[in-house]
Structures are given as C-alpha cells and as structure tokens.
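For reference, the structure discussed in these notes is given below.
The values are calculated or read from the model by the stated rules, or taken from the named source; none is laboratory data. What you see is a predicted model; the values in this text were computed from it and never measured. Here the Cβ is made from the backbone with ideal geometry for all residues, glycine too, and neighbour counts use every protein chain on show.
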Amino acid sequence: MDPILEHKQLMTRRHFFGKSAMNVSVGSAALASMMGPQQTVADSGQPTGGILHAPHFPAKAKRVIYLFMSGAPSQLDLFDHKPKMDEWYDKDLPDSIRQGQRLTTMTSKQKRFPIAPSRFKFQQHGKSGAWVSELLPHTASVADDICFIKSMHTEAINHDPAITYIQTGSQLPGRPSLGAWLSYGLGTMNRDLPDFVALTATWTGRKSAQALYNRLWGAGFLPSKYQGVSLRSQGDPVLYLSNPPGVDPTARRQMLDGLSQLNQKLYAEVGDPEINTRIAQYEMAYRMQSSVPDLTDISNEPKHVLDMYGPEVTTPGTFAASCLLARRMVERDVRFVQIFIRGWDQHGGLPKDIANQCRDVDQGGAALLKDLKERGMLDDTLVLWGGEFGRTIYCQGGLSRENYGRDHHPRCFTMWAAGGGIKPGMTYGQTDDFSYNITENPVHIHDLNATILHQLGIDHERLTYRYQGRDFRLTDVHGNIVKDILM
C-alpha cells in the first residue's frame with residue numbers, strides 16, 4: 001500500500017481531533033469526549049470502539065465463553081458411542097474405512113491398526129437422549145441444555161497447526177484470534193476490564209502436554225489493542241499490575257498523566273496508531289488495579305454457588321476456579337473469555353489420564369452452564385467446549401481391554417455448544433461405526449467460526465481487515481453458518 005494513503009487510513013479519531021485543535025468547537029468536542037467517562041460504554045450499555053459501529057444484524061449472543069481442551073479429547077471415550085466396536089476388539093481397521101487417509105508419523109510405521117473399543121460405559125441422558133460417557137456425569141446432567149456436534153472436522157493433523165487453525169482460521173501463525181476479531185469488530189462493552197481475556201487452567205492428566213503460545217489469543221496483524229489479556233493464577237493476575245514499593249496511587253496517576261502527554265505529543269508528530277494503543281493500555285492497567293482484585297475476590301459468592309462448582313473452586317488456577325471467574329467476567333461485560341486446559345494428548349495410557357482430565361473439567365463446566373442459566377445469562381452467553389481434533393479408533397502402542405492409546409484424528413471429532421441462541425438438547429451430525437468418517441452433516445472448523453460470529457450479529461464474510469494487499473477474515477475463503485443448530 002502507498003505509505004501516504006496508509007497513513008491517511010490509519011488516522012484515528014484522536015489524531016483527527018488533535019490536528020483540528022485550531023478549531024475551537026471541534027477541539028472542545030474532542031476534549032469533552034475524552035474527559036467524559038459518563039459517555040462511555042460502562043454507562044450506556046452499548047458496545048463502543050468496534051470497526052462495525054453496530055452488528056450487521058440483531059445478535060443472539062452478547063458474550064462467549066470458550067472452554068478449550070488442548071491436546072484433543074477422545075470423542076470415542078466421551079460422546080461418540082460406538083458399541084459395535086466391542087466385536088472388533090484387536091481386529092485391524094478395514095482399508096475400506098481408512099480409505100488411504102493420512103496418518104501421523106507416530107503410527108504410520110505400525111504394522112497393524114488394531115481396534116480399541118472404549119472401556120467406559122455410556123448412557124443416554126435427559127429428554128434429548130444424548131449419549132454421554134460415565135466419565136462426565138455432571139455434563140450428562142445438563143445434556144438438555146447442550147447441542148453436541150459430532151461431525152466436526154479439520155485438515156490439520158498435528159497439534160500446533162491444528163490449534164492455530166481453529167483459533168485463527170489459518171494453520172500458519174500470524175493471523176488474529178477469534179477473540180481479537182470480535183474485539184476489532186464489536187469493540188468493548190466495559191471500560192474497567194479487557195474485552196478479551198485468556199485463562200490457562202491447571203490439570204492432572206498427562207503432564208507432558210503441548211505448549212500454548214500467546215498467538216492463540218493474539219491480535220496477529222490487527223492493532224495490538226485487540227489481543228487477549230492473559231490472567232495468571234498465581235501472584236498478580238496481570239504482571240506489574242500492582243504498584244511497586246514506594247509508589248502510591250497518586251504518584252502512579254501523576255506518572256501516567258505525564259506519560260500520556262508525551263505519547264500524545266509523539267502521536268501528533270508521527271501518527272502511529274500503536275501509540276494510541278499504548279495510551280489506552282496504560283489507562284486500562286490503571287483501572288484494572290481496582291477492577292481485577294474485585295473480580296478475583298470470590299469471598300462474597302454464596303456457599304451454594306461454590307458447592308456447585310466443586311471443592312477445587314477455591315484453588316486458584318483450577319478449571320473450576322477459572323469457570324467461576326469466567327462467569328464473574330461476563331457478568332461485568334467482558335465479551336470473550338477463553339479457558340485453555342492442557343493434558344488431553346493421550347497417545348498411551350488413555351483410560352487413566354482421560355479419567356483425571358474429566359474430573360478436572362466435568363463439574364466446573366456443568367456448573368458454569370447451571371450458574372449462567374440461574375442468572376438468566378445463558379440465553380445471551382454462548383458457551384463452547386472442545387479441542388483441535390479427535391482421536392483414532394485404532395490403538396497406538398500396546399493394546400489391552402483396560403489400557404490403550406489413540407493417535408490424532410482430524411476426520412471427525414465432537415464439540416458442544418450451549419446458550420447464545422443454540423438449540424438445546426440436540427445432537428447434530430453422525431459418524432460411521434468406527435468414528436472414523438462423517439456420514440451426516442459435516443461441520444468444518446470454518447463453519448463453526450462462521451456460526452459463532454453469526455450469533456454475535458456478524459456476517460463472517462464482511463468482517464475483514466486489509467493487510468499486505470488482500471482482505472483477510474477469520475474464515476479465510478469459505479465457511480457456512482450451521483443453521484440447523486440455531487434457534
């Protein structure tokens with residue numbers, strides 16, 4: 001792009017008013033807008049700062065809580081009940097089922113691909129009759145509030161590109177994450193907390209877990225103000241949020257005022273929009289010194305609420321504690337909260353490790369739905385649960401009735417969604433008897449992201465950002481709204 005044209009397009013409202021300071025009326029209006037917090041979203045209740053100014057159409061959801069199971073949970077042991085596989089124990093996966101599909105390097109050299117039926121019992125639950133494993137009794141209790149999507153699929157077969165793909169729409173790093181796109185499009189609904197927050201929960205499953213990189217909640221090529229803020233489970237929730245020894249709030253305020261004047265002077269000279277981001281981040285950090293301690297203090301939560309989330313809710317960093325914190329954030333109009341929990345990559349010793357993982361997430365995730373529903377918030381809060389791909393029906397490594405492992409499987413996996421205009425008590429999509437191929441209603445990860453944006457009032461084809469000569473969007477060049485699961 002022509003540098004002069006780019007500079008003009010990047011000229012923000014603050015820059016425009018700064019250049020218009022000679023005009024008394026315009027300068028006064030600018031000053032009033034910057035000095036008047038009573039006009040902010042905190043009091044108006046309307047989003048502000050988004051490129052769209054208003055959604056493309058009425059939204060069914062205002063907020064999203066995304067529970068991400070990093071490492072890829074086994075759909076075969078949790079949701080995709082395949083009783084016929086008991087008859088296939090230790091028999092080879094038929095070539096007619098595999099159809100020459102790609103394998104990872106971890107099992108491609110195996111001489112055999114023996115079938116490993118799930119050792120866990122399944123039952124149907126609720127009026128919907130959804131099949132749920134015995135590993136998830138709390139999730140089963142809210143089955144009628146959930147839409148289980150059993151026909152998810154992706155092209156990525158290894159963890160890092162697969163997680164990057166489902167979060168950003170590309171297997172290659174550098175694209176904005178889902179939460180960043182929402183912040184860019186819709187702006188913020190509050191002024192005292194970030195619009196997009198990421199949490200990383202502790203886990204008790206497989207300890208050698210896949211790494212998580214901040215690009216998963218990053219802004220990519222969008223302005224950095226749209227990136228997610230990662231809250232820590234130990235020490236200050238946000239690094240350097242507390243004042244250092246010897247610095248009181250008055251001194252901090254004076255320092256920020258002086259720093260803001262210097263940054264505004266620099267911005268008037270060079271027009272770099274990242275300077276405005278820096279000013280806004282300093283101010284947000286100052287407000288968060290009050291808002292974050294209040295957010296993380298659960299001492300006033302009623303006992304019955306804490307009991308609903310389980311005994312781990314009072315231990316910072318656990319999944320249950322993160323779910324309660326997510327509910328407290330969306331109550332305060334944080335638009336997008338994402339909880340990552342690692343440890344689901346079970347290539348061996350799956351039965352033991354997946355049982356631990358399910359104990360970590362089951363009660364807290366179900367309590368989150370119950371809590372939101374009791375507060376009348378589930379209708380406009382979209383909750384998602386799932387990982388980056390699924391697991392194979394065939395065993396990786398040694399096989400017995402009680403112990404087995406499973407390799408990566410991108411051809412089909414299960415996610416669930418609840419609230420935010422999603423039909424409750426529904427199972428969507430089907431797979432074959434081996435949970436290897438989709439037989440009905442395939443849902444690509446681009447379709448999922450298109451549907452999420454749609455529920456927040458965004459046409460996924462129209463939310464774009466021009467970068468390096470082309471218009472980018474979250475769903476790349478395709479993606480269809482899954483209308484059958486919408487109310």
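Determine if region 444-465 includes at least one residue that is among the β-branched types (Val, Ile, Thr), closer than 30 Å to residue 91 by Cβ and surrounded by 24 or more Cβ atoms within 10 Å (Cβ to Cβ). Scanning region 444-465 turns up no residue that is among the β-branched types (Val, Ile, Thr), closer than 30 Å to residue 91 by Cβ and surrounded by 24 or more Cβ atoms within 10 Å (Cβ to Cβ). Filtering region 168-198 to residues that are in contact (Cβ under 8 Å) with a residue 60 or more places away in the chain, touching a Leu at 6+ places or on another chain (Cβ under 7 Å) and assigned to a helix (DSSP H, G or I) leaves 178, 181, 182, 184, 185, 186. Here residue 406 meets the list (1) farther than 27 Å from residue 476 by Cβ; (2) within 21 Å of the chain's Cα centre (by Cα); (3) of a type outside the set (Val, Ile, Thr); (4) buried (at least 24 other Cβ atoms within 10 Å of the Cβ) almost entirely, failing just condition (2). Among the residues of region 301-310, those that are closer than 24 Å to residue 205 by Cα and part of a helix (DSSP H, G or I) comprise 306, 307, 308, 309. On the basis of being at pLDDT 95 or above, under 17 Å from residue 350 (Cα atoms) and not in a loop (DSSP other than H, G, I, E, B), does residue 408 make the cut? For residue 408, the condition - at pLDDT 95 or above, under 17 Å from residue 350 (Cα atoms) and not in a loop (DSSP other than H, G, I, E, B) - is met. When 478, 444 are screened for being free of Cβ contacts under 8 Å to residues at least 60 places away in the same chain and out of contact with any Lys or Arg (no Cβ under 8 Å at 6 or more places or on another chain), only 478 passes. If we scan region 374-392, do we find a residue that is among the β-branched types (Val, Ile, Thr), touching a His at 6+ places or on another chain (Cβ under 8 Å) and in a strand (DSSP E or B)? The answer is yes, given that some residue of region 374-392 is among the β-branched types (Val, Ile, Thr), touching a His at 6+ places or on another chain (Cβ under 8 Å) and in a strand (DSSP E or B).
Of all residues in region 466-487, which are among the charged types (D, E, K, R) and surrounded by fewer than 16 Cβ atoms within 10 Å (Cβ to Cβ)? If the condition is that a residue be among the charged types (D, E, K, R) and surrounded by fewer than 16 Cβ atoms within 10 Å (Cβ to Cβ), then 466, 470, 471, 476, 483, 484 are the ones that fit. When you scan region 57-113, how many residues do you find that are charged (D, E, K, R) and part of a loop (DSSP other than H, G, I, E, B)? Summing the residues that are charged (D, E, K, R) and part of a loop (DSSP other than H, G, I, E, B) in region 57-113 gives 10. A single member of 179, 187, 169 is under 20 Å from residue 449 (Cα atoms) and modelled with pLDDT under 95, and it is 187. Can you confirm whether residue 121 is surrounded by fewer than 18 Cβ atoms within 10 Å (Cβ to Cβ) and touching a Ser or Thr at 6+ places or on another chain (Cβ under 8 Å)? Yes; evaluated as a whole, the condition is true for this residue.
Reported count of residues in region 143-162, each being hydrophobic (A, V, I, L, M, F, W, C), out of contact with any strand residue (DSSP E or B) (no Cβ under 6 Å at 6 or more places or on another chain) and surrounded by fewer than 22 Cβ atoms within 10 Å (Cβ to Cβ), is 1.
Quick check on region 455-476: of everything there that is of a type outside the set (D, E, K, R) and in contact with a helix residue (DSSP H, G or I) (Cβ under 9 Å, 6 or more places away or on another chain), which residue is farthest from residue 422 (Cα to Cα)? Filtering first and then ranking leaves 465.
Residues that are more than 22 Å from residue 428 (Cβ to Cβ), out of contact with any Phe, Trp or Tyr (no Cβ under 6 Å at 6 or more places or on another chain) and of a type in the set (Gly, Ala, Ser) within region 50-103 comprise 50, 54, 96, 100, listed in sequence order.
If I filter region 394-402 for residues that are crowded, with 24+ Cβ neighbours inside 10 Å, part of a loop (DSSP other than H, G, I, E, B) and not aliphatic (A, V, I, L, M), do I get at least one hit? Checked against the condition, which is being crowded, with 24+ Cβ neighbours inside 10 Å, part of a loop (DSSP other than H, G, I, E, B) and not aliphatic (A, V, I, L, M), region 394-402 yields no hits at all.
When 337, 330, 313 are checked against the criterion of being in a strand (DSSP E or B) and either surrounded by 23 or more Cβ atoms within 10 Å (Cβ to Cβ) or at pLDDT 95 or above (or both), a single residue qualifies: 337.
When every residue of region 208-226 is checked against the conditions, none turns out to be under 21 Å from residue 341 (Cβ atoms), in contact with a strand residue (DSSP E or B) (Cβ under 8 Å, 6 or more places away or on another chain), of a type in the set (Phe, Trp, Tyr) and in a loop (DSSP other than H, G, I, E, B). Within region 447-468, at least one residue is more than 24 Å from residue 147 (Cβ to Cβ), of a type outside the set (D, E, K, R) and modelled with pLDDT under 95. Within region 349-365, the residues that satisfy the criterion of being farther than 19 Å from residue 325 by Cβ and either of a type in the set (Asp, Glu) or assigned to a helix (DSSP H, G or I) (or both) are 350, 351, 352, 353, 354, 355, 356, 357, 358, 359.
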